[in-house]
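Please read through the structure below; I'll follow up with questions.
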Amino acid sequence: MTATATVKRLLPLALATLVAVAVFAGAANGRPQTVAFSAGADRVVQGNPVTIEVLVAPAGARCSLSVRYKSGAKQKGLHAVTAAGGRASWTWEVPRKVQPGPARVTVSCAGAGSASRRLMVIGQVLPPKIDVVQTGWSARPYPFGGTGVSWGVILSNTSKTQDAQDVEVLCNFVMADNRLIGSATQRIADISADSKFATGGMLQFPGAAPIARLEIVVHIGKGGPVTRVKPGISFIRVMPSSFEPAWTGEIDGEVQNDDPARTIQYVELSGVVFDAEGNILGGGTGFGIATLPPAARMAMKISGTFSPIPYAKAASAMVSVVPRYT
């Protein structure tokens, strides 16, 4: 065998040996190089904190984190850390006004590489907020003594994403010297998102009632899902008292079940009475109890709290309904 043939025969074996030696040397003297996410949320709500953790090899590598949101904005205030013990972590607060949607989280570690993952940013669900739109009252001294006051208020749920549930309305009757002469409360089961709600009541005073203004305090028990379908209200009218025609007796009308599938068991009613200029003269609450399948209707009436309102001034009314379904 010639020398040339021998070299050709031994060359592949020599190369294989060199590769094996190199691999062995790398395994013996080098360390694996990896960056892998080990903990952290996949979803986070705007304004909430979030934590990301990675496993890093080799340990002790210097790592940095970058977060790019859907709009292209980058998270500020993220500092490089050392992967002591082979772990690195960051905690930050997602901005409240950052655009919802997928964000890209990238970790880069010197001598170990990098890794990326997606973080879904969810739009913050704002709690419902109730504004007091309008208030008003009427006071009537009774010939047998004492004073009756009918009061009313229109509230507005400004949230477009949540109903306001278990709402308590406190009405303080304030005199000219800013002292209270009385207080009354009403409870409302549900005020639909992005809607106005009328309510009110009546309070008896043993003497005069020199009321200068109403002070309304609203407490929301909790937020709830948006009401998609409301009962229809029609043929609303203000009627005089049967016993005292000069004074207001009730608000009449009809309630219709506009839900295409559910049956109404009963409805909570409330309303206010206006004068010709749109000022609130008073208000009250009531119930309508009947089984109303879809598209069925029933007569409704709110009474018992309007007697301080002169009927000659009562021009119109607003009624709000909270249904209870079977």
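The values are calculated or read from the model by the stated rules, or taken from the named source; none is laboratory data. Because the structure is a prediction, the values reported are computed rather than measured. Here Cβ is always computed from backbone atoms with ideal geometry, including for glycine, and neighbour counts include all displayed protein chains. Only protein heavy atoms, including side chains, enter the accessible area calculation; ligands, DNA and RNA are left aside. Shrake-Rupley method; radii C 1.70, N 1.55, O 1.52, S 1.80 Å.
Among Ser270, Ser116, Ser138, which one shows the biggest mean-square fluctuation in a GNM of the chain, springs joining Cα atoms closer than 10 Å?
Ser116
Also: Residues of the range 36-142: accessible area per residue at 1.4 Å, in Å²?
Heavy-atom accessible area per residue stands at 53 Å².
Continuing with this model, one more query. What is the gain in length, in nm to one decimal, between Lys129 and Asn279 on full extension, counting 0.36 nm per residue of separation less the C-alpha to C-alpha distance?
51.6 nm
Okay, next question. May I ask for the angle, rounded to the nearest 10°, between helix 3-29 and the longest principal axis of the chain, with both axes built from Cα atoms and the value confined to 0 to 90°?
Between the helix axis and the principal axis of the chain, the angle is about 40 degrees.
For the range 198-326, what does the relative contact order come out to in percent, with C-alpha contacts under 8 Å and a separation of six or more?
32 percent
Taking springs between alpha-carbon atoms closer than 10 angstrom, which of Ala312, Ala110, Ala184 fluctuates most in the Gaussian network model of the chain?
Most flexible of the set in this elastic network: Ala110.
Shifting gears a bit: Return the distance in nm (one decimal) between the two label points of a simple spin-label model at Ala312 and Ala176, each offset 7 Å from Cα along Cα→Cβ.
Here the answer is 2.6 nm between the modelled labels.
Separate question: At 1.4 Å probe size, with no ligands or nucleic acids counted, give the accessible surface of Ile130 in Å², nearest ten.
In the full protein context, Ile130 sits at about 30 Å².
Also: When only C-alpha pairs under 8 Å and at least 6 residues apart count, what is the relative contact order of the chain, in percent?
Relative contact order, the chain: 13 percent.
Out of these labelled values of Rg and Dmax of the Cα atoms in Å, (i) 35.9, 138; (ii) 21.2, 80; (iii) 29.6, 85, which was calculated from the coordinates shown here?
Given (i) 35.9, 138; (ii) 21.2, 80; (iii) 29.6, 85, the calculated one carries the label (i).
For the range 93-224, which whole-number percentage of the solvent-accessible area (1.4 Å probe, protein heavy atoms only) is attributable to carbon and sulfur atoms?
The computed percentage sits at 52.
Here's another thing I want to ask about it. In the chain, what is the count of Lys pairs whose alpha carbons are under 16 Å apart, counting only pairs at least 8 residues apart or on separate chains?
Lysine pairs meeting the criterion: 10.
Between the alpha-carbon centers of the range 281-326 and the range 34-84, tell me the distance in whole angstrom.
About 57 Å separates the Cα centre of the range 281-326 from the one of the range 34-84.
Which Cα, out of Ala189, Gln162, Asn178, lies furthest along the positive dipole direction of the range 109-238 (beta carbon charges, K/R +1, D/E -1)?
Gln162
Counting Lys and Arg as +1 and Asp and Glu as -1, each charge on the Cβ, what is the dipole of the chain about the Cα centre in debye, to the nearest 20?
Computed about the Cα centre, the dipole is about 2300 debye.
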